[in-house]
Amino acid sequence: MKKIFVFIISISTINSVYSQAQFLAKGKIEYERKINVHRQYEGEEDDWFKEYISKMPKFNTTYFDLYFNDTKTIYKPGREMQNPRVWGIGPAKENVIVTDLTTGLSTSQKAVFEDTYIIQDSVRKMQWRLADETRTIAGFECRKAVGIICDSVYVVAFFTEEITTSGGPESFCGLPGMILGIAIPRLYTTWFATKVELVEPTASQFNPPTKGKNTTSKGLLKTINDGIGKWDAKWRDRMIWQAVL
């Protein structure tokens, strides 16, 4: 009887460890993107503009969905909020980004100024520096990593190896697992997963967007630079940083 009891306990322990060690390679993630609108406009001197900003909600919150399998991801707008759009928070409001991790190519649909563009380019390659800090996001243990975009803009990411696809929100990827959290302090913006669903995306869900003017990342930057002309450097840089997300 004692041997049977020990055997049952052993099997129970093995099953518990096995269930905790499962790894996901397909599913759906919802991200909450939160922008601190008031912080974006700190330092403005125009009294009318300062009063206008003070009447806006402090945070602009929107939701995006990421569908993924072991080779592809698609990031796109998710559920709507009552007041999902706020003036003055720049591009990236309605980005759709398809990333093919096998070919190393991405196709993005982005609205800049009054036009929509289709950007076909290589998947962004970032030099990530891993850190020891961890935190739990949407029920997954995540590890911290730090990278840089646009030469000087720091990006803080939290990724989990329990989701094996090397993807994340916007165009961020390249870590040994799925990115469930992103913070960009200079944009006063964060993306954090609210939930992960165990669904199997269909092949058609990864079809790249086609509506828009074809260009490349360099071509889009030129369009932005030509369009903003002699804007204040602070606004120009922020517009570029948002557009390359």
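The values are calculated or read from the model by the stated rules, or taken from the named source; none is laboratory data. Computed from a prediction, not measured in an experiment: that's the story for all the values here. Glycine also receives a Cβ, built like all others from the backbone with ideal geometry; neighbour counts cover every protein chain displayed.
Things worth noting here:
- In the stretch 154-213, the residues that are of a type in the set (Phe, Trp, Tyr) and either within 18 Å of residue 127 (Cβ to Cβ) or modelled with pLDDT of 95 or more (or both): 154, 158, 159, 172, 191, 192, 206
- Residues that are in contact with an Asp or Glu (Cβ under 9 Å, 6 or more places away or on another chain) and buried (at least 20 other Cβ atoms within 10 Å of the Cβ) were ranked within the stretch 143-170; the one that is farthest from residue 24 (Cα to Cα) is 158.
- Identity of the residue in the stretch 37-56, more than 19 Å from residue 186 (Cα to Cα) and in contact (Cβ under 8 Å) with a residue 12 or more places away in the chain, that ends up nearest to the chain's Cα centre (by Cα): 56
- Just one of the listed residues (79, 39) is modelled with pLDDT under 95, within 29 Å of residue 167 (Cα to Cα), out of contact with any Leu (no Cβ under 8 Å at 6 or more places or on another chain) and part of a loop (DSSP other than H, G, I, E, B), and it is 79.
- As a summary of the residue check, residue 124 satisfies the conditions (1) over 16 Å from the mean Cα position of the chain (by Cα); (2) within 25 Å of residue 238 (Cβ to Cβ); (3) outside any strand (DSSP E or B) except for the one numbered (1).
- Index of the failed condition, residue 219 passing every other in (1) over 21 Å from residue 29 (Cβ atoms); (2) crowded, with 16+ Cβ neighbours inside 10 Å; (3) of a type in the set (Gly, Ala, Ser): (2)
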